[in-house]
Amino acid sequence: MNETDAIIIGAGHNGLTCAAYLAMAGLRVHVVERRKVVGGAAVTEEFHPGFRNSVASYTVSLLNPRVISDLRLHDHGLEIVERRAQNFLPSPDGRYLLTGEGRTKASVARLSPGDADAIGPFSARLEAIADVLRSLVLRAPPNLVAQFGLPAIREAFNALGTANTLRALSLEQQRDLLDLFTRSAGEMLDEIFETDLVKALFGFDAIVGNYASPYAAGSAYVMLHHAFGEVNGKKGVWGHAIGGMGAITQAMARALKELGTLVQLDCGVREVIVERDRAVGVVLEDGRAIRARYVVANVNPKLLYTRLVPGGALPAPFLSRIRNWRNGSGTFRMNVALSRLPSFSALPGDGDHLSAGIILAPSLGYMDQAYLDARAQGWSRDPVVELLIPSTLDATLAPAGQHVASLFCQHVAPELPDGRSWDDHRDEVADLMIATVDRYAPGFAASVIGRQVLSPLDLERQFGLLGGDIFHGALTLNQLFSARPMLGHADYRSPLKGLYHCGSGSHPGGGVTGAPGHNAARAILADHRAPFG
């Protein structure tokens, strides 16, 4: 007999979201988590005495409003505040760009009147596409099925619904959509804007978490992916969860507790149990077995299918393809404790710009060279750094008068060339990242009194992010939509009956969205109510 209806592997935000929807539908749900804390990569920890911050994921925008509402996360203690300014881009020559409500056009106009006229229409074009695609986020993409039957009929209706959604786009918007899925962000931005800082504003979104040049084909989609967000009903806005990103997953954990769902920590999974081509439970690392009608994995698809599922249980063509699932974000993540706020040469002193996402990458060419350096030697000599100082919005994170900062650094190689280990170069690269900030804000390095450093290898070890990939798989055209994680399995169902994937390696991809967890739960409940065999 089944010990539970569904067992969820991994208590990251998507696993918790999936568990909540299943529990709300009346299923018995058991969540198991390898780490000693709920949240996966969305956690808050003390990294230096008296200083706390989000450890891996670090900012809020993509968390889906439907998930927030359905799980009543605000009732369970979640509070999200907007940044007072959205982005600040200083340039070594003393110029800067500061964006946000009532700020963007005037700031761009100081750099280029032509770009000031162009930025509104371009942002509106992005927003129009993002609006339509938002409606596809909380539904499975059309899935290819091999044989005619009830699943094929279901997918035919799904494809029709998707087509009707896309039909809302005008012909010119459909052309924009094709460009955004296939072209490089760099090419598009060079055609529209003339100022480096304005191009860099959008170009950063094309390379964040994306180990590629902004001139790589398909990078425009990554730019679009980051335009899906909203905070407190305001589209395109970024914000901060009071208490850090762990506040999101702690609110989800409280929702699950209210639903009576068991979340077991320090409880890793060694293997998925497969009997007669069906997943029927898991074996834990301590040797105990838990049987369930449904096994749901909130882990990287490659990790699930090559390490947790017995190799002989999967079709050979599927296994061969999933072994080539491409990972690697090129991400190096740091938190630092600061004795004082930084002062930037381009805009000295305190101000709303210190609550913004501070992007240290003044041009597309700078980003391109950073990628080329990383490919050649393992990390960029002049890296791309986004600096956030969340303590400007949240006094709970640091002692009075002191601050914490996140450094989200691109580009570093997921695996260093020549067989070198990140364990031998972690501190060297961390020093470089701090020195990079110091060039824009002299005295920053001297203000650092503690730090937490996570190389791609550390991100893999601690959070299961293979190659340090924050998206559980690159957002390339062959790994998106109906091909995420593979044609024929975009419906959150694996090749094995009873086994489902609910993490960011499935549609709609990475970021703290909750959407894959929501969508996987819908697929499981559909099978629970009307099983297809």
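The values are calculated or read from the model by the stated rules, or taken from the named source; none is laboratory data. Note that the structure is predicted; figures quoted are calculated from it, not measured. Ideal geometry is used to build each Cβ from the backbone, glycine not excepted, and the neighbour counts take in all protein chains shown. In case anyone asks, the SASA skips ligands and DNA or RNA and just uses the protein heavy atoms, side chains included. Shrake-Rupley method; radii C 1.70, N 1.55, O 1.52, S 1.80 Å.
Points to keep in mind about this one:
- Checked against the criterion of being part of a helix (DSSP H, G or I), small (Gly, Ala, Ser) and open to solvent by less than 10 Å² (accessible area, probe 1.4 Å), the candidates Ala521, Ala490, Ala526, Ala446 yield just one match: Ala521.
- Any hit, the range 366-383, residues being closer than 19 Å to Leu454 by Cα, in contact with a Ser or Thr (Cβ under 8 Å, 6 or more places away or on another chain), free of Cβ contacts under 8 Å to residues at least 60 places away in the same chain and open to solvent by 40 Å² or more (accessible area, probe 1.4 Å): yes
A quick yes/no check of all residues on (1) at pLDDT 95 or above; (2) within 26 Å of Gly510 (Cβ to Cβ); (3) of a type outside the set (Phe, Trp, Tyr); (4) open to solvent by less than 60 Å² (accessible area, probe 1.4 Å):
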position	(1), (2), (3), (4)
Val385	yes, yes, yes, yes
Pro417	no, yes, yes, yes
Trp422	yes, yes, no, yes
Asp438	yes, no, yes, yes
Gly450	yes, no, yes, yes
Gly468	no, yes, yes, yes
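- Enumeration of residues in the range 16-67 that are of a type outside the set (D, E, K, R) and free of Cβ contacts under 8 Å to residues at least 60 places away in the same chain: Gly26
So that you can scan it fast, the table gives a plain yes or no per residue for (1) closer than 19 Å to Glu415 by Cα; (2) in contact with a helix residue (DSSP H, G or I) (Cβ under 7 Å, 6 or more places away or on another chain):
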position: Ser345; (1), (2): no, yes
position: Gly349; (1), (2): no, no
position: His353; (1), (2): no, no
position: Pro383; (1), (2): yes, yes
position: Ile389; (1), (2): no, yes
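- Test for Leu341: is it surrounded by 15 or more Cβ atoms within 10 Å (Cβ to Cβ) and out of contact with any Ser or Thr (no Cβ under 8 Å at 6 or more places or on another chain): no
- Flag for Phe481 being open to solvent by 10 Å² or more (accessible area, probe 1.4 Å), among the aromatic types (Phe, Trp, Tyr) and touching a Pro at 6+ places or on another chain (Cβ under 6 Å): yes
- Pairs linking a residue in the range 406-417 that is under 9 Å from Val208 (Cα atoms) to a residue that is of a type in the set (Lys, Arg) and open to solvent by less than 10 Å² (accessible area, probe 1.4 Å), with Cβ atoms under 9 Å and 6 or more positions apart or on different chains, are Phe408/Arg333; Cys409/Arg333.
- Those residues of the range 3-52 which are closer than 23 Å to Gly510 by Cβ, of a type in the set (Val, Ile, Thr) and either surrounded by 19 or more Cβ atoms within 10 Å (Cβ to Cβ) or within 16 Å of the chain's Cα centre (by Cα) (or both), in sequence order: Ile8, Ile9, Thr17, Val31, Val32, Val38, Val43, Thr44
- Pairs with Cβ under 7 Å, 6+ apart, first in the range 321-333 and open to solvent by 40 Å² or more (accessible area, probe 1.4 Å), second of a type in the set (Ser, Thr, Tyr) and part of a loop (DSSP other than H, G, I, E, B): Arg326/Thr476
- Helices (runs of 4 or more DSSP H) (entirely within the range 132-197) containing at least 3 residues that are out of contact with any Leu (no Cβ under 7 Å at 6 or more places or on another chain), at pLDDT 85 or above and of a type outside the set (A, V, I, L, M, F, W, C): 171-182, 185-192
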